[in-house]
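Remarks on the structure that follows.
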Amino acid sequence: MPQDSKRRTRRELLELLDTTWAEYPQRLRQLSESAQQRFAQQQGYARPQDLLAHLGAWMEETLRVMPYLQRDEKPPRDYGNDDEFNTRAVQRFTDRPRREVEVWYEQQRLALQQLLAQLSDDDLHQQRVYRWLVGTIIGHYEEHSLPT
């Protein structure tokens, strides 16, 4: 959960998906190759595309768990903890070129944007739904924000 405890609106969350997250791969590419590599390693990933795989995987996971959260149910998990999830996310794309990871990341971003746009106001007011979305959209950026 982000440090800022201000409740975010749907519009604010959509705007972040449409700007910050849409621009993320391109902004990462604007760094020199050595700076990209250094940043990825500082984030705990061997390569920049591994970081993108991690971010996209959490967007994908948000799509998967949202129906459970909407019903106020605990989503089933086929992974033990977040570290295992992150490892699997990177392994899925180990042999994939960066461009393919970027395209997949963008598909996940657009799907998450569509999900958020279609959620009811009642859904957004459910604490579990809201917290998960804010964690994915805001908290994750705070954790992985690019150097300026």
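The values are calculated or read from the model by the stated rules, or taken from the named source; none is laboratory data. Just so we're clear, the structure is a prediction, and the values are computed from it rather than from any experiment. Cβ coordinates were reconstructed from backbone atoms using ideal geometry, including for glycine residues, and neighbour counts include every protein chain displayed.
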The residue from 52, 69 that alone is in contact (Cβ under 8 Å) with a residue 60 or more places away in the chain and in contact with a helix residue (DSSP H, G or I) (Cβ under 8 Å, 6 or more places away or on another chain) is 69
Does at least one position in the stretch 18-29 carry a residue that is under 18 Å from the mean Cα position of the chain (by Cα), closer than 26 Å to residue 147 by Cβ, at pLDDT below 95 and exposed (fewer than 14 other Cβ atoms within 10 Å of the Cβ)?
-> no
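This table checks each residue for (1) touching a strand residue (DSSP E or B) at 6+ places or on another chain (Cβ under 9 Å); (2) on the phi > 0 side of the Ramachandran plot; (3) acidic (Asp, Glu).
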{"position": "7", "(1), (2), (3)": "no, no, no"}
{"position": "21", "(1), (2), (3)": "no, no, no"}
{"position": "35", "(1), (2), (3)": "no, no, no"}
{"position": "53", "(1), (2), (3)": "no, no, no"}
{"position": "61", "(1), (2), (3)": "no, no, yes"}
{"position": "72", "(1), (2), (3)": "no, yes, yes"}
{"position": "86", "(1), (2), (3)": "no, no, no"}
{"position": "91", "(1), (2), (3)": "no, no, no"}
{"position": "94", "(1), (2), (3)": "no, no, no"}
